[in-house]
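**Q** Could you have a look at this structure, given as C-alpha cells, before my questions?
Each reported figure results from applying straightforward, stated rules to the coordinates on display, with no laboratory input. Treat the numbers as computed from the prediction; the structure is a model and nothing was measured. Please note: Cβ atoms are built from the backbone with ideal geometry, for glycine as well, and neighbour counts cover all protein chains shown.
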Amino acid sequence: MKSLLFAILFGLLAGPALAENTTPYAGTVLVPTNQPFQEFVERLQASIKSNKMGIVAEACATCGAAKIGVVIPGNRVIMVFRPDFAVRMLEASSAAGIEAPLRLYITEGVDGNATLTYRLPSAVFGAYQVPALDKMGAELDEIVAKIVADATG
C-alpha cells in the first residue's frame, strides 16, 4: 500500500514537469539559435536597437539567482517597444496596455546555446479584436521577424 501511495504521489509531483508545454499560447515562436547564450543576448540587443525599437527593460533570472548564491542556466527577458506604437495601442484600446512591452525570452540550453521564445505581436494584440491593433500587430510582426533574423543570421 505504501508503495502505491508513493507511486501516486511521485506521479503527481513529477507529472507536470514531464508534460511541460513549452508553447502554451497560440502564436508562440521558438527559435533555436545555435549561438552561445551571452553572445546571442548581445546580438539581440544590438539588433533591437538597429531596427529602431527600444529596450524598455530587462529581467535576468540568472543574475537574480547569482545574488542568492544559486547558479542557473542563462535566462533573460528583454522587453521591447516604441513610443509611437504605445500611443497607437492606447488610442485603439487602453485595455491592451497590459501587453506592452513585448517580451523576448532567451534561455540557455544544456549545450550552452540560446533559444529565443516570443509571442507574435499579431497574436498578442489580435486577442482584443480591434482592427487598429490588428494592423499594428502585423507591423510589429515584421519588425520582430527582422530583429530575430538579424540576431540569428
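**Q** Within the range 115-127, identify whether any single residue is touching a residue at least 12 places away in the same chain (Cβ under 8 Å), out of contact with any Gly (no Cβ under 8 Å at 6 or more places or on another chain) and of a type outside the set (Ser, Thr, Tyr), and answer yes or no.
**A** yes
**Q** Still on this structure, please answer the following. If I filter the range 84-91 for residues that are surrounded by 18 or more Cβ atoms within 10 Å (Cβ to Cβ) and either aromatic (Phe, Trp, Tyr) or touching a Leu at 6+ places or on another chain (Cβ under 9 Å) (or both), do I get at least one hit? Even if it seems obvious, please write down each step before you answer.
**A** Here is the first cut: in the range 84-91, the ones surrounded by 18 or more Cβ atoms within 10 Å (Cβ to Cβ) are 85, 89.
Right, trim to either aromatic (Phe, Trp, Tyr) or touching a Leu at 6+ places or on another chain (Cβ under 9 Å) (or both) and you get 85, 89.
Among the residues of the range 84-91, at least one is surrounded by 18 or more Cβ atoms within 10 Å (Cβ to Cβ) and either aromatic (Phe, Trp, Tyr) or touching a Leu at 6+ places or on another chain (Cβ under 9 Å) (or both), which makes the answer yes.
**Q** Something else now. Look at residue 139 and say whether it is among the acidic types (Asp, Glu), over 18 Å from residue 44 (Cα atoms) and crowded, with 17+ Cβ neighbours inside 10 Å.
**A** On the way: among the acidic types (Asp, Glu): yes; over 18 Å from residue 44 (Cα atoms): yes; crowded, with 17+ Cβ neighbours inside 10 Å: no.
So residue 139 does not fit the description; no.
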